[in-house]
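First the structure, in the form of structure tokens, and then the observations on it.
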Amino acid sequence: MSERVDSYLSLLKRRSDDRPDSSRTRLDVDLAALALTMDPNEIRHAWDGSMPNQIAQGEIDVVLVEDDRSMVALVTTVLKNDNINLMAADTCRTALSALRESRPRLLLVDLGLPDGDGLDIVRSVREWRDVRRMPIVALTSSAEKAGAAWKAGMDGFITKPFEVAVFRKMVGSWLGTA
């Protein structure tokens, strides 16, 4: 496990150096390809290792609730490139725990999760009285589920698969950085 994590961290460091756009793009592709071969624990370990101080201080911008490793890897790479701190959860249970601890600025939720429905997460979070209002956005490939997301209290949805540039702009607009 540590060899892939070390490779991932090495690529992240090389990508953060001042490089021409074409070189950065190639490094992004290499990072995404490597992340696709990693299991979720390796990705979490690599992510935690890349920004230990910020995560330890609870400065999480986005919580991603997604059980598809390739989608987690893609979103991690995209948001990391934009200096957005991400915490990923792959079940409803871990998502609710992560949300209680981190209080992110944005929640991205897959609607189909192994231990429940992403809509249940939204309903639970919207009932919390001590949580400031945060945008909650559905990640879905179904227009039918997008309608249910609106009814459950979500602020928007992003259809999968998505174009990276559009995804970046949408996340930036919800975070107020676009």
- Filtered residues of region 126-159 (kept if more than 16 Å from the chain's Cα centre (by Cα), at pLDDT 85 or above and more than 18 Å from ARG105 (Cβ to Cβ)): GLU127
- So GLY176 fits all but one of (1) of a type outside the set (D, E, K, R); (2) touching a helix residue (DSSP H, G or I) at 6+ places or on another chain (Cβ under 9 Å); (3) surrounded by fewer than 14 Cβ atoms within 10 Å (Cβ to Cβ); what number is the exception? (2)
- Evaluate the following for ILE84: is it at pLDDT 90 or above, at negative phi and part of a loop (DSSP other than H, G, I, E, B)? yes
- Query: Can you tell me which residues in region 56-81 are within 13 Å of LEU106 (Cα to Cα) and either modelled with pLDDT of 90 or more or among the basic types (Lys, Arg) (or both)?
  - Reply: ASP61, VAL62, VAL63, LEU64, VAL65, LEU79
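The values are calculated or read from the model by the stated rules, or taken from the named source; none is laboratory data. Fair warning: this is a prediction, and the values are worked out from it, not measured in the lab. Ideal geometry is used to build each Cβ from the backbone, glycine not excepted, and the neighbour counts take in all protein chains shown.
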